[in-house]
Amino acid sequence: MAAAPRQTDYTMEMFRQNARQARETSEAYPIHKEMLKRFIETFESSNVNDRKYGHKKYMRMIQDLANLKTDILTVDTADLLHWCRTQKQRGDAYSEHVDRFMGGVLTNTMRYQEFAYKVLISILEGGVEADHDKSEDVDKVRKFHQAQYFQAMKKQIDDHVEKLRTNPRDPNQIIDDSGNIIEQDNLLAQLGVHDPANPSGDALPKKESSKAIPDRLMYPYEVVFRQNIEDIGEQRMKKPLRELRSSQVGRLVQFDGIVSKVSAVKPKLEVATYKCALCEAQVFQEVDSEEFMPLMDCPTKICKDNKSTGLHEGPQMRLSRFTKYQELKLQELSSEVPVGSIPRSINVVVKGDLTRNCLPGEAVTMTGVYVPHISSGPATGGKLKTTMGVHCHDIQQHKKGYKEDESSYEYQRLLASVKQKAKDPAIYDKLATSIAPQIFGMTVVKKALLLLLVGGCTRGLQDGMKIRGDIHLLLMGDPGVAKSQLLKQVSILAPRSVYTTGKGSSGAGLTAAVTRDPQTNEVHLEGGALVLADSGNFGIWVLLLILLVHFGGFS
């Protein structure tokens with residue numbers, strides 16, 4: 001009888017399998033980069049018809065980046081899937097890599113996001129320049145001039161380092177116009193830059209000087225993925241917030257939720273630029289986390305030999321790279337909360353042009369990367385604390401707000417339709433019966449709900465008093481006469497509405513809750529259901545309140 005395999009055999013076999021998969025995946029990365037570049041340069045859409053690029057959707061978007069119209073290149077996963085299927089049908093050189101490439105974008109999103117950013121840089125360096133149609137946004141223009149400054153500095157460094165390599169006397173020396181011999185490290189210091197990849201001052205290898213200046217300073221753009229795929233194979237991409245598990249870490253996830261808290265927009269430092277007061281070299285520090293330790297010692301060879309430093313003044317704000325940063329708190333929809341459970345919530349990090357797109361109380365579909373977030377602060381006693389969060393890639397509102405752009409084509413078309421329908425003498429009855437048509441009768445109640453949706457006219461008197469046009473409605477009746485169903489229909493129709501029952505619509509309750517920020521230890525208010533429904537409709541099933549009042553729960 002053969003002996004049963006030991007547990008160590010299973011462990012070693014699993015280790016070999018994981019190592020083999022990791023090796024195969026890393027070997028496929030160069031091909032996947034080429035596929036990303038091919039997709040961006042060749043993908044065509046019938047919705048795009050540009051004079052310069054024709055139907056090439058993403059080349060038109062890259063031109064908008066060069067024209068400072070936007071800071072974000074949004075890659076639609078539906079376009080990526082369509083392109084991959086086309087390559088597979090044609091049977092070209094990329095057909096056998098299509099499945100692994102698409103799976104890598106969806107399961108290892110942050111790595112492929114960096115690949116797409118490198119591809120974007122190579123395309124911009126390949127000759128995409130700004131045309132006559134530039135943006136007038138002051139912030140974007142400032143970033144553009146800052147990027148031009150660092151691009152010119154990089155070109156100057158590359159030209160001088162090339163002279164160092166071609167110098168027949170010494171590859172580490174160059175003779176300036178006055179006939180003086182300049183060492184390589186002194187040359188870079190005079191050019192105003194220090195290469196962190198070459199702190200010793202040795203001869204720079206080929207193309208190594210380009211790493212002296214971070215790409216984020218020369219190309220201040222972002223690349224994100226928009227998820228428009230419901231199903232890929234047997235896997236459902238859009239899931240409830242409650243079903244996010246450890247298997248989704250690092251993946252592109254999509255879920256629905258209600259925005260319960262929105263922080264103020266703050267600047268986030270991405271690249272800190274220092275200038276040494278002694279050797280006048282510029283030193284760059286890339287910041288990947290929310291907390292960082294500023295450089296205190298100058299890393300150039302000149303300052304190290306003299307045992308001195310000139311970085312005590314801190315980063316130069318004008319030459320550093322900042323981006324807009326905002327934190328959202330999303331709570332699962334009341335329809336997804338099991339009976340008797342408390343709604344769950346998750347923190348979402350939003351950067352760049354995606355900020356200021358959400359208000360508390362809005363129902364949105366969030367697309368982002370599910371990642372762990374490590375933080376420390378006064379609330380944690382200085383210890384590291386790990387929480388799960390989402391790095392946002394795309395936000396889609398379920399309903400538009402009441403305040404719309406009156407100059408837009410959609411608003412004008414809607415206004416013309418309303419004026420045409422208003423000529424119908426029976427429009428009042430038709431609109432009332434269109435509310436919950438599956439519920440027979442109750443015409444008077446439906447007319448009252450219609451008036452609730454439309455609202456009255458807010459008036460301001462001469463003495464400054466304001467008369468609100470909001471309408472309150474109280475439905476009372478026996479159980480089973482569709483009171484709650486009618487309220488649910490109103491919450492579906494209204495652009496901004498909250499419907500709550502015994503399950504609750506917010507973890508903060510009906511009004512507000514006092515919470516403490518775990519990082520800054522500051523106290524702030526988190527809005528409840530009434531706050532989330534501000535300037536909208538709020539429906540509540542009050543049987544629980546009536547029972548509490550009846551049994552003495554309220555004084």
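Here are the numbers:
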| item | result |
| --- | --- |
| Long-range HN-HN contacts of Val271 with modeled amide H, under 5 Å | Val287, Arg321 |
| Overall Cα dimensions of the stretch 54-159 - principal axes, largest extent first, Å | 44, 31, 24 |
| Gain upon complete extension [Met317, Ile471; 0.36 nm per residue less C-alpha separation] | 50.3 nm |
| At R0 = 25 Å, FRET efficiency that the Cβ-Cβ distance of Thr25 and Gln248 yields, to 0.05 | 0.85 |
| Semi-axis lengths, Å, the stretch 319-371, gyration tensor of Cα atoms, sqrt of 5 times eigenvalues | 28, 11, 9 |
| Two-site FRET efficiency, Asp159 against Asp305, from Cβ-Cβ distance with R₀ of 30 Å, rounded to 0.05 | 0.70 |
| For the stretch 104-111, 3J(HN,Hα) per residue [Karplus equation, 6.51 cos²θ - 1.76 cosθ + 1.60, θ = phi - 60°, Hz, x = Gly/Pro] | x, 4, 7, 10, 10, 5, 5, 5 |
| Amide H within-cut-off set for Arg251, under 5 Å, with H built and near neighbours excluded | Tyr370 |
| Long-range Cα-Cα pairs in the stretch 7-110 (distance over 15 Å), rounded percent | 70 percent |
| Long-range tail of P(r) for the stretch 225-337 (Cα pairs > 19 Å, %) | 66 percent |
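None of the figures in this text is laboratory data; all of them are computed from the coordinates on show. These figures come from a predicted structure and were not determined experimentally. Quick reminder, even Gly has a Cβ in these numbers, built from the backbone with ideal geometry, and neighbours come from all protein chains shown.
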